[in-house]
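The values are calculated or read from the model by the stated rules, or taken from the named source; none is laboratory data. Quick caveat: nothing in here was measured; it's all calculated off a predicted structure. Please note: Cβ atoms are built from the backbone with ideal geometry, for glycine as well, and neighbour counts cover all protein chains shown. Quick note on the areas: whole protein, heavy atoms, side chains included, nothing else; ligands and nucleic acids left out. Shrake-Rupley method; radii C 1.70, N 1.55, O 1.52, S 1.80 Å.
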Amino acid sequence: MHVKPKRGPNPVPSRRAAAAALRRIARKDIPLYTELDAPLRRAVLLYWGDMARARKALRLREPPARRQAWSRERVIDEIRKLHRAGQHMSTSALANAGRNDLVIAALKYVGSWVRARALAGVSFKANRVFRLPIWDAATVVGEIQARHEQRLPLALSKAPKSLTCAASRIFGSWRSAVGAAGIDYDSVLLLRSYDDHELLAWLRGLARKKPHMALFDLDKHGEHAVVCRRRWGSLEAAAKAAGLVGWPVRIRRRAMTRAQVVQALRKLHRSDQPTTISHVRDVPDGHYIINSAFHHFPTWKDALDAAELRADSDPRA
């Protein structure tokens with residue numbers, strides 16, 4: 001009854017894809033939150049808040065009412081499961097999520113909610129002077145988008161620690177959370193300042209170690225590759241500046257026509273795939289689409305404009 005997770009750097013499916021997956025499960029069985037895979041659980045939290053609201057919005061069958069066989073161990077285990085899934089662990093937040101049963105069971109089998117939470121290893125500071133946000137999937141995404149609109153830094157080292165920790169807990173990583181907010185993660189990276197000599201020496205050293213490296217593999221070499229692409233316009237131009245001939249190896253393939261590039265971008269958008277360049281790079285034939293686009297268009301934005309898509313086009317945003 002598990003849904004196959006979506007491929008790519010962002011583990012959260014779109015609202016449409018999540019709804020379709022839940023309906024597919026509902027045709028055979030009643031979808032239970034604890035039996036969904038991690039990407040689909042995160043989607044439920046992001047788009048509907050909890051499983052009960054998702055069932056109501058999608059008109060799915062409700063699970064039959066059953067008596068809960070509570071115990072001390074089960075209370076602690078349930079607290080840990082909800083915490084890992086991104087549920088805020090205050091009693092008021094649990095009441096809003098329809099989980100008063102867990103709070104009552106904690107009182108009966110453990111003695112108090114505070115003690116049960118401590119035994120489950122869930123840290124929580126009460127009586128705060130300032131009202132802090134209740135971190136769930138929707139709040140994390142909203143905060144990231146608000147910082148982006150205010151032009152505040154979104155690099156991992158610059159964003160508030162409370163936000164990055166909540167994002168990593170709920171989405172698996174800061175990169176995934178930024179992607180779920182519809183923002184190109186590469187655009188928020190704070191890249192180290194390299195001088196030309198250092199970058200060119202890195203390329204020459206890599207060419208000596210891996211003389212048969214393909215352009216596709218070179219593009220995966222993290223920060224150095226990103227800086228080279230920004231500095232010289234392409235990795236091939238950077239390799240040429242380093243005096244390297246025939247390296248990296250390009251697997252020759254005739255570029256798509258302009259119309260085929262436009263069609264490929266629209267197809268990605270229709271299938272709920274983000275069309276930012278960092279996301280397209282990770283889909284099958286993504287590099288081929290990108291290289292073909294730059295064969296016909298001066299910038300990625302021009303290619304998206306021709307396909308009548310926004311430069312930040314992400315159907316999940």
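When each of the peptides 22-35, 271-284 is scored by the mean number of other C-beta atoms lying within 10 Å of its residues, the order from highest to lowest reads 271-284, 22-35. For the range 87-92, backbone phi angles converted through the Karplus equation (6.51, -1.76, 1.60; θ = phi - 60°) give residue-by-residue couplings of 6, 5, 9, 7, 5, 5 Hz, Gly and Pro being listed as x.
The H on the amide N of Ala214, modeled in the peptide plane, is under 5 Å from the matching H of Val249, each at least 5 residues off or on a different chain. Among the protein heavy atoms of the chain, carbon and sulfur supply 52% of the accessible surface, probe 1.4 Å, non-protein parts ignored.
Using mean Cβ contacts within 10 Å as the protection proxy, how do 171-183, 69-81 order, highest first? Numbers along the way, then the final one.
Details: 171-183: 23.2, 69-81: 15.6.
The densest-packed peptide leads the list: 171-183, 69-81.
What shape does the range 77-128 take by its C-alpha gyration tensor, where a ≥ b ≥ c are the square roots of the eigenvalues and a/c under 1.5 counts as rounded, a/b above b/c as prolate, and the rest as oblate? Because its axes are fairly even, with a/c under 1.5, the range 77-128 counts as rounded.
Any chance you could run the full-extension gain for His212 through Lys56? It's 0.36 nm times the residue separation minus the Cα-Cα distance, nm to one decimal. Can you show the working numbers first?
Details: separation 156, 0.36 × 156 = 56.16 nm, distance 5.57 nm.
This chain segment gains 50.6 nm when fully extended.
Helical content alone sets the calculated 222 nm signal of the chain at -15500 deg cm²/dmol, taking -39,500 (n - 2.57) per DSSP H segment of four or more residues and averaging over every residue. With 0.36 nm allotted per residue and the present C-alpha distance subtracted, the Ala138-Val122 stretch has 3.7 nm of extension available.
Per residue, what accessible area does the chain have, given a 1.4 Å probe and all protein chains present, in Å²?
57
Stretching Lys108 away from Thr91 to a fully extended chain increases their span by 4.6 nm, per 0.36 nm per residue minus the current alpha-carbon distance. I'm spelling it out carefully: the read-out is semi-axes √(5λ) of the Cα gyration tensor in Å, the candidates are [x] 27, 26, 21; [y] 44, 24, 17; [z] 36, 26, 15, and one was derived from this structure. Which label? Of the labelled values, this structure produces [y].
Which links in Lys209/Lys240; Lys220/Lys301; Lys210/Lys240; Lys210/Lys267 stretch past 24 Å when you go from one Cα to the other? Can you show the working numbers first?
Numbers: Lys209/Lys240 17 Å; Lys220/Lys301 22 Å; Lys210/Lys240 16 Å; Lys210/Lys267 35 Å.
Result: Lys210/Lys267 exceed 24 Å.
Each peptide in 163-170, 95-102, 223-230 gets a packing score, the mean of other Cβ atoms within 10 Å over its residues, and the list from highest to lowest is 163-170, 223-230, 95-102.
With +1 on each Lys and Arg Cβ and -1 on each Asp and Glu Cβ, and nothing else charged, work out how big the dipole of the chain is about its Cα centre, in Debye to the nearest 20.
Values: 58 positive and 29 negative charges, 192 e Å.
Here the chain has a charge dipole of around 920 debye.
Using 1/(1 + (r/R0)^6) with R0 = 51 angstrom and r between the beta carbons of Asn100 and His221, what's the FRET efficiency to the nearest 0.05? E(calc), rounded to 0.05, equals 0.45.
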